[in-house]
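Notes follow once the structure below has been shown.
None of the figures in this text is laboratory data; all of them are computed from the coordinates on show. For clarity, every value in this text was computed on a predicted model and none was experimentally measured. When we count neighbours, we look across all protein chains shown, and the Cβ atoms used for this are built from the backbone with ideal geometry, even at glycine.
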């Protein structure tokens with residue numbers, strides 16, 4: 001569903017009825033939606049006829065129809081008439097929201113549920129390619145979402161106007177549009193649309209019109225604003241803003257300073273928040289008015305949260321040493337498992353430091369000389385593109401699904417706008433013709449269809465072979481070096497160190 005009130009109403013209705021919901025980002029393909037429906041064995045799908053994108057009605061119902069075709073678990077599809085475009089309906093399965101609500105009673109007695117009752121499943125990318133259904137429960141999750149929203153954002157009910165620009169299809173939307181803010185009596189902006197439609201002034205017009213005082217967004221959007229130029233925000237009265245927040249990926253110091261100086265008039269504090277789908281709520285962040293901040297640093301764990309930076313041997317690291325971020329004590333909103341796959345849950349999050357009983361976050365981190373904590377980004381094979389986590393194997397699988405591709409290797413390369421950009425190297429099947437730009441367009445479309453438009457590679461290079469170790473493992477680290485224009489590291493474990501010569505020759509200039 002798009003960012004409309006009915007989406008939030010649906011989530012809250014499920015919570016009240018004790019139903020476990022699983023919200024899927026509206027930009028996902030029918031294939032991606034179907035995999036989530038099948039994994040969760042969903043009985044009801046709630047959607048819209050279409051959504052408004054750049055002033056035009058874009059259909060959504062056809063993708064849902066494709067996804068639920070043959071899905072045995074789905075009993076009904078409830079459709080919100082958002083745009084009024086014509087859509088096909090299946091008798092006995094499809095119901096219109098407005099007709100259903102009109103017939104329903106406005107009386108309902110809420111029932112109590114156990115604190116560990118599953119509240120929602122939210123799917124996030126994993127290194128195996130199959131999305132992980134992260135389980136969050138009612139009591140602990142709501143406690144921490146509410147606590148962190150109130151304290152990290154210094155929220156004052158009745159006076160603040162709050163705007164989190166995330167989509168409710170992601171955990172930031174769950175925790176900091178729906179459950180956290182509403183539990184604190186927030187007055188907030190919910191926006192259906194893009195930041196540059198009808199023009200690049202859109203976000204700043206909204207801030208000015210509604211007097212937004214707390215603005216929580218992603219570094220990707222901040223860097224986009226920087227590219228557009230400060231004359232755009234400078235054309236608006238943004239004096240209502242008193243607090244800024246960053247989420248989704250580490251924010252680089254240059255963007256941090258621009259965010260504070262241009263959007264926050266040089267005075268608004270920035271809460272640079274670190275957390276994950278799995279943690280459920282903010283774990284590491286400055287507290288406004290309490291923490292002295294540094295551009296680009298998440299600073300310190302929140303009260304009640306315990307985190308360490310350790311090496312491979314579980315030894316704590318001091319200032320300057322790059323290590324792994326671990327959480328060494330429980331927290332209220334911690335994930336309770338992966339839906340239907342507890343073995344994967346243990347292996348993914350708990351096996352690396354099993355003896356210590358620590359949660360492995362999958363992020364690199366370091367302390368500086370003052371003890372401030374800096375998150376360095378992912379250390380596994382999950383890429384972070386504009387705050388969206390996409391697995392390398394998921395994209396590789398989509399590329400190999402094309403009839404011309406024999407093998408693919410995907411890496412995340414630094415991108416000044418999106419944090420990371422997806423770079424792919426593919427080997428063609430024997431006899432397949434390299435049609436140049438036509439083939440590249442087909443491959444990008446293939447990924448868009450199989451996963452989502454957000455997963456389309458920034459760059460695809462057709463190469464004769466890939467760098468592999470003697471055990472057959474593709475050396476993605478070295479491909480990342482090439483993608484980012486660095487000198488190659490150690491190539492001694494490769495079957496053929498000369499493999500990079502043709503890769504460099506075939507690689508287009510960025």
So if we plug the beta-carbon distance of residue 113 and residue 400 into 1/(1 + (r/R0)^6) with R0 = 45 Å, what FRET efficiency do we get, rounded to 0.05? 0.55
Work out how much length residue 341 to residue 380 would gain on full extension: take 0.36 nm times their residue separation and subtract the Cα-Cα distance, in nm to one decimal. 12.1 nm
Can you tell me the order of 197-207, 45-55 when each peptide is scored by its average per-residue count of other Cβ atoms within 10 angstrom, highest first? 45-55, 197-207
Area projected by the alpha carbon convex hull of the range 21-77, averaged over all directions, nm²: 3.7 nm²
Could you tell me the calculated FRET efficiency between residue 13 and residue 312, based on Cβ-Cβ distance and R0 = 41 angstrom, to the nearest 0.05? 0.30
Would you please classify the overall shape of the range 379-477 from the alpha carbon gyration tensor, given that a ≥ b ≥ c denote the square roots of the eigenvalues, rounded means a/c under 1.5, and beyond that prolate means a/b larger than b/c while oblate covers the rest? oblate
Descending Cα extents along the principal axes, the range 255-407, whole Å: 55, 40, 29
Using 19 Å as the cut-off for backbone N distance, which residues of the range 385-408 belong to the label zone defined by a point 7 Å from the Cα of residue 438 along Cα→Cβ? 402-406
Relative packing of peptides 431-439, 104-112, 408-416 - highest average C-beta neighbours within 10 Å first: 408-416, 431-439, 104-112
Multiply the residue separation of residue 96 and residue 56 by 0.36 nm, subtract the distance between their alpha-carbon atoms, and state the gained length in nm to one decimal. 12.2 nm
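Rank these for me by crowding, 93, 486, 82, going from fewest to most other beta carbons within 10 Å.
Working: 93 13, 486 10, 82 21.
Ordered by Cβ neighbours within 10 Å, fewest first: 486, 93, 82.
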For the chain, what is the mean residue ellipticity at 222 nm derived from helices alone (per DSSP H run of n ≥ 4: -39500 (n - 2.57); sum divided by total residues; nearest 500 deg cm²/dmol)? -7500 deg cm²/dmol
Got a sec? How would 227, 61 order by Cβ neighbour count within 10 Å, fewest to most? 227, 61
7 Å from Cα along Cα→Cβ at both residue 319 and residue 486: what's the point-to-point distance in nm? 2.5 nm
Relative contact order of the chain, pairs being alpha-carbon contacts under 8 Å that are 6 or more residues apart, as %: 12 percent
Counting only DSSP beta bridges with both residues in the chain, tell me the antiparallel percent, nearest 5. 60 percent
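So if each residue of separation counts as 0.36 nm, and I subtract the Cα-Cα distance between residue 71 and residue 292, what length gain in nm does that give?
74.3 nm
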What are the semi-axes of the equivalent ellipsoid of the range 159-248, taken as the square roots of 5 times the eigenvalues of the Cα gyration tensor, listed largest first and rounded to whole Å? 21, 15, 11
The range 39-104 shape via C-alpha gyration tensor axes, a/c threshold 1.5: oblate
Given a Förster distance of 51 Å, report the FRET efficiency between residue 430 and residue 38 from their Cβ-Cβ distance, rounded to the nearest 0.05. 0.90
Considering only the range 1-154, percent of DSSP beta bridges that pair antiparallel, nearest 5: 55 percent
Tell me, what is a quarter of the convex hull surface for the C-alpha atoms of the range 42-146, in nm² with one decimal? 10.5 nm²
Of the range 1-44, those with amide N under 18 Å from the point 7 Å along the Cα→Cβ vector of residue 81 are 5-7
What is the packing order of peptides 346-352, 334-340, taking the mean over residues of other C-beta atoms within 10 Å and listing the highest first? 334-340, 346-352
Dividing the convex hull volume of the Cα atoms of the range 251-338 by its residue count, what figure in Å³ per residue is obtained? 127 Å³
Could you line up 380, 65 from fewest to most neighbouring Cβ atoms inside 10 Å? 380, 65
Estimated distance in nm for a label pair at residue 103 and residue 196, the labels positioned 7 Å out from Cα along Cα-to-Cβ: 4.6 nm
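According to the square roots a ≥ b ≥ c of the eigenvalues of the Cα gyration tensor, what is the shape class of the chain, taking rounded for a/c under 1.5, prolate for a/b larger than b/c otherwise, and oblate for the remainder? Present the calculation step by step, with values, prior to reporting the outcome.
Working: a/c = 1.41, a/b = 1.14, b/c = 1.23.
Rounded, since a/c falls under 1.5.
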Relative contact order (percent, whole number), the range 42-171, Cα cutoff 8 Å, 6+ residue spacing: 16 percent
